[in-house]
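Contents: one structure, followed by commentary.
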Amino acid sequence: EPVFRAKLFKLKTSGHLHHEKDWYERDMWIAQNGSLVYWSPKQEGNLVYYTASDVNTATISECPAGTACRPHVFQVVLAPANGVEFEPAYFAAETEELKNAWMNALREAAHTA
């Protein structure tokens with residue numbers, strides 16, 4: 001049973017924040033172990049987007065209105081590893097409440113990992 005589960009839009013890799021076609025809606029959840037997982041229609045299976053250790057060291061922050069073509073956007077930035085900096089991943093929830101719930105659930109998962 002997931003800790004938290006809801007639909008979430010994710011910006012595709014190398015996607016443009018203001019291009020609607022670059023956002024994909026996915027069924028996403030936080031697993032009991034703290035990983036962020038989603039259902040991939042392309043792979044027809046569950047894929048781990050971030051491991052529990054990724055979530056544990058990530059910075060989760062709200063994006064200002066107008067950051068993207070979608071409202072209710074937040075970003076997840078993984079901690080640098082072996083001198084490598086990671087690009088932020090962008091997500092958009094369907095409502096302000098869901099955005100806040102996702103951000104809180106990810107932060108809580110980080111504290112339990």
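The values are calculated or read from the model by the stated rules, or taken from the named source; none is laboratory data. Fair warning: this is a prediction, and the values are worked out from it, not measured in the lab. Quick reminder, even Gly has a Cβ in these numbers, built from the backbone with ideal geometry, and neighbours come from all protein chains shown. Accessible surface is based on the protein model in full, side chains and every heavy atom, while ligands, DNA and RNA are left aside. Shrake-Rupley method; radii C 1.70, N 1.55, O 1.52, S 1.80 Å.
Taking 21 Å as the straight-line reach from the Cα of K42, the lysines in range (excluding those fewer than 8 positions away in the same chain) are K7, K10, K12, K21.
Accessible area per residue was computed with a 1.4 Å probe on protein heavy atoms; T13 scores about 120 Å². Compared with the alpha-carbon gap, the fully stretched path from W39 to S53 is longer by 3.0 nm at 0.36 nm per residue. State whether the stretch 21-69 is rounded, prolate or oblate according to the following rule on the C-alpha gyration tensor (a ≥ b ≥ c being the square roots of its eigenvalues): a/c under 1.5 gives rounded; otherwise a/b larger than b/c gives prolate, and the remaining case gives oblate. The shape class here is oblate.
For the chain, modelled as a GNM whose springs connect Cα atoms under 10 angstrom apart, the maximal fluctuation among Q43, Q32, Q75 occurs at Q43. Farthest toward the positive end of the dipole of the chain, out of T13, T59, T112, is the Cα of T13, where the dipole comes from beta carbon charges about the Cα centre. For M103, the shell of other residues with beta-carbons less than 13 Å away shows a net charge of -2, using +1 for Lys and Arg and -1 for Asp and Glu. In this rough spin-label picture, where each label sits 7 Å from Cα along the Cβ direction, the R5-A79 distance is 3.0 nm. How much net charge surrounds D27 when only other residues with a Cβ under 9 Å from its Cβ are counted (Lys, Arg +1; Asp, Glu -1)? The answer is +2. Other residues within the sphere of radius under 14 Å centred on the Cβ of P2, judged by their own Cβ, net out at 0 (K and R +1, D and E -1). Over the stretch 16-113, with every protein chain in place, what whole percent of the accessible area is carbon and sulfur at 1.4 Å, could you tell me? Carbon and sulfur together cover 50 percent of it. When E25, E1, E62 are compared by accessible surface with a 1.4 Å probe, the order from highest to lowest is E1, E62, E25.
Here the dipole of the chain is about 140 debye; that uses its Cα centre as origin and unit charges on the Cβ of Lys and Arg (positive) and Asp and Glu (negative). Only protein heavy atoms count here; under a 1.4 Å probe, M103 has an accessible surface of about 10 Å². Accessible surface for the chain, divided over its residues, is 58 Å² per residue with a 1.4 Å probe. Stokes-Einstein diffusion for the stretch 62-107, with the hydrodynamic radius set to the Kirkwood value over Cα pairs and evaluated at 4 °C in a medium of 1.567 mPa s, equals 113 µm²/s.
Kirkwood Rh, Cα Rg: Rg to Rh for the chain? Computed over Cα atoms, the ratio is 0.94.
Measuring with a 1.4 angstrom probe and ignoring ligands and nucleic acids, H72 comes out at about 50 Å² accessible.
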